[in-house]
Each structure stands twice: as C-alpha cells, then as structure tokens.
Amino acid sequence: RKEVEQDPGPFNVPEGATVAFNCTYSNSASQSFFWYRQDCRKEPKLLMSVYSSGNEDGRFTAQLNRASQYISLLIRDSKLSDSATYLCVAEHRGSSASKIIFGSGTRLSIRP
Amino acid sequence: EAQVTQNPRYLITVTGKKLTVTCSQNMNHEYMSWYRQDPGLGLRQIYYSMNVEVTDKGDVPEGYKVSRKEKRNFPLILESPSPNQTSLYFCASSLVGTGSQPQHFGDGTRLSIL
C-alpha cells in the first residue's frame with residue numbers, strides 16, 4: 001500500500017464547477033502536509049500548505065483530518081487554467097531526518 | 001533570480017556508462033532532495049540532504065549515489081545505469097525540512113538508459 005494515496009482521475013469538469021480531491025496517508029507520524037500543482041512536463045510547484053484548522057487561498061480550500069488521516073482540496077469556480085495534476089504531499093520530520101512522500105497525483109481537466 | 005538548476009535537461013545513454021546529473025541552488029537552502037517521477041507512481045524520493053555532508057536515503061535509493069560537499073550543490077550519480085532508471089528526475093531545495101517553506105524544484109532531467 002502506498003504511503004500517500006490519491007485518486008488518479010482524470011477528473012473532467014466544466015468551467016465554473018466545484019471540484020474536490022481527497023488524499024489519504026498511512027503514516028500517523030506525518031506532521032506536515034501540502035498540495036502541489038504540476039503542469040504537463042513541468043516541475044511541481046507548491047499550491048498551499050494544509051492545516052487542521054483548514055485554510056483558504058482564494059478559490060482554493062485545504063483541510064486536514066488527522067483522526068481519519070486524510071487531506072482534501074476544494075477548488076471553487078474552476079477556471080481553464082486550473083487544469084493540471086494535483087499532488088498531495090506528507091512530510092515526516094525528525095531531528096536529523098525529513099522524508100517527504102508524494103502521492104501519485106490527481107489529473108484535473110477543465111473544459112469550456 | 002532564485003532558482004534550482006539541473007544539468008543536463010535531457011540525456012540518452014547506454015547501460016553501464018557512469019553518469020552524473022548536477023543540481024545547484026542559489027537560495028542558501030539547507031535541504032536538498034532528488035526525486036524520480038514515473039507514470040502511475042508519482043514522485044519518489046531517492047536521496048535527500050539536510051545540510052553539508054549530511055545525506056540520507058529516501059524511498060528508492062538503490063542504484064544511486066549522492067554527495068553534498070558544498071551547500072549549493074547536490075549531484076546525483078548513477079555508477080552503472082540500467083534501463084529501469086529511465087525516468088524524469090527532479091532536484092529540489094528548501095529551508096530545513098519544509099514546514100511552511102515550499103520546495104523549489106528544478107526544471108527536470110529526462111534520462112533514457114538504453
């Protein structure tokens with residue numbers, strides 16, 4: 001079983017729709033969580049960090065549920081430019097080590 | 001401009017011929033990391049380094065070596081490349097761990113081992 005699991009998609013939704021992605025992680029010691037965005041053939045870029053209290057950045061809302069070990073990302077009023085692969089990331093950090101685990105990504109395609 | 005620079009961007013080579021992919025960052029980041037990305041498997045961490053002379057294995061270290069003699073450089077070495085190491089490789093850097101800091105990724109290196 002992968003340490004971070006995501007639905008690979010693809011999700012194909014019309015412009016303006018609301019889209020939700022979920023991600024689960026198996027290592028309960030993971031401390032930090034993030035969503036990255038990766039465009040085709042490009043490097044990943046940080047979209048947002050994820051906190052238990054939930055956090056919002058414009059049309060994007062991220063949520064962490066430690067009890068259930070899942071992370072979510074909600075995109076409201078989706079735009080054509082939101083088409084990309086979204087990567088869920090968990091980090092386990094010790095005093096002298098820091099392992100970062102990426103999910104395999106969820107592909108999103110927004111149609112006009 | 002703050003950046004992570006990988007070289008080469010593309011390489012086609014043959015089995016067994018040693019190769020090195022260089023990675024350099026100009027942001028004075030302590031943490032550097034190498035990933036490989038394969039279809040359906042996502043990004044998998046190969047090695048990482050918390051600081052100069054401190055390196056550790058990620059999830060898929062077999063067949064790779066790294067070194068961190070200087071803070072800015074973190075080369076990835078394939079001593080005897082094999083076809084199963086054909087992949088897209090990314091180098092990344094950040095302040096220690098990530099915490100609230102983003103990892104900055106290089107543009108990627110596409111390796112084909114024949």
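Side notes on the structure shown:
- Rounded to the nearest 20 debye, dipole of the protein assembly as shown from Cβ charges on Lys, Arg, Asp, Glu: 400 debye
- Treating r as the C-beta distance of B:Ile12 and A:Leu80 and R0 as 45 Å, the FRET efficiency rounds to 0.80.
- Charge dipole magnitude, Cβ of K and R +1, D and E -1 - chain A, Cα centre, debye nearest 20: 200 debye
- Loop-located GluC sites (Glu not before Pro) in segment B:28-114 (DSSP state not H, G, I, E or B) with no more than 12 neighbouring Cβ atoms inside 10 Å: B:Glu53, B:Glu62, B:Glu70, B:Glu79.
- Number of partner chain Cβ atoms within 10 Å, mean per residue of B:35-42: 4
- Scattering profile of segment A:1-85 at q = 0.12 Å⁻¹ [log10 I(q)/I(0), Debye over alpha-carbon scatterers]: -0.36
- Sparsely packed loop sites in segment A:7-87 (the chymotrypsin sites (Phe, Trp or Tyr not before Pro) outside DSSP H, G, I, E and B with at most 15 other Cβ atoms within 10 Å) comprise A:Tyr51.
- Kirkwood hydrodynamic radius over Cα pairs of the protein assembly as shown, then Stokes diffusion coefficient at 37 °C and 0.692 mPa s, in µm²/s: 182 µm²/s
- Most simply put, the protein assembly as shown has about 90% antiparallel DSSP beta bridges, counting only bridges with both residues inside it.
- Global form of segment B:1-97, assessed from the alpha-carbon gyration tensor, a/c cut-off 1.5: prolate
- Normalised by the number of residues in chain B, the mean separation of alpha-carbon contacts (under 8 Å, six or more apart) gives a relative contact order of 36 percent.
- For trypsin sites (Lys or Arg not before Pro), the sites in segment B:6-114 that DSSP calls loop and that have at most 12 other Cβ atoms within 10 Å are B:Arg9, B:Lys17, B:Lys18, B:Lys69.
- Projecting the Cα atoms of B:Ser112, B:Met50, B:Val66 onto the charge dipole of chain B, computed from C-beta unit charges around the Cα centre, puts B:Ser112 farthest toward the positive end.
- Candidates A:Gly58, A:Ser32, A:Ile101 compared by Cα position along the dipole of chain A: farthest toward the positive end lies A:Ile101, with charges placed on Cβ.
- Compactness ratio for segment B:34-85: Cα radius of gyration over 2.2 N^0.38 Å (N = residue count) comes to 1.17.
Computed from the coordinates by the stated procedures, all read-outs in this text should not be read as laboratory data. Because the structure is predicted, anything quoted here is derived from the model rather than measured. FYI the Cβ positions are ideal-geometry reconstructions off the backbone, even for glycines, and counts take in every protein chain you see.
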